[in-house]
Amino acid sequence: METQNVVADLAEAMQLPAPKSTVTLNEIRAWVKREIAWLVARDHEKLKEVLYRVDVDEKFLLDALAAYPEEKVDVLTDLIISRQLQKAETKKANPQAPAVDQNEAL
């Protein structure tokens, strides 16, 4: 797993600059948790946008929040990171073929 790619994807989804020194999963988690805590406290609309862009499953999200209501920031952080790691593994397992230029095909 390339953590820098996961960080870059998370930064893009959260519309934040990626921390350059983040290399471990614990550092990624701390960074995401800090940002999510800020969004939970101050910007619910942007939090919804982030969850949508990261593509966190809504039912899974609601179930997890219902099971752990006191740990909202931790639950959101873990779901976001888990989803990004899932997407990274899918990309790695299914590399895309190079795009075909439609003009060359003619």
Within the range 1-26, residues more than 12 Å from the chain's Cα centre (by Cα), surrounded by 12 or more Cβ atoms within 10 Å (Cβ to Cβ), more than 15 Å from L79 (Cα to Cα) and modelled with pLDDT of 75 or more come out as none
Going through (1) among the small types (G, A, S); (2) at pLDDT 90 or above; (3) surrounded by 11 or more Cβ atoms within 10 Å (Cβ to Cβ) one by one, A66 fails only at (3)
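The values are calculated or read from the model by the stated rules, or taken from the named source; none is laboratory data. Quick caveat, the model's predicted, so the values are computed rather than measured. Cβ: placed from backbone, ideal geometry, glycine included. Neighbour counts: every protein chain shown.
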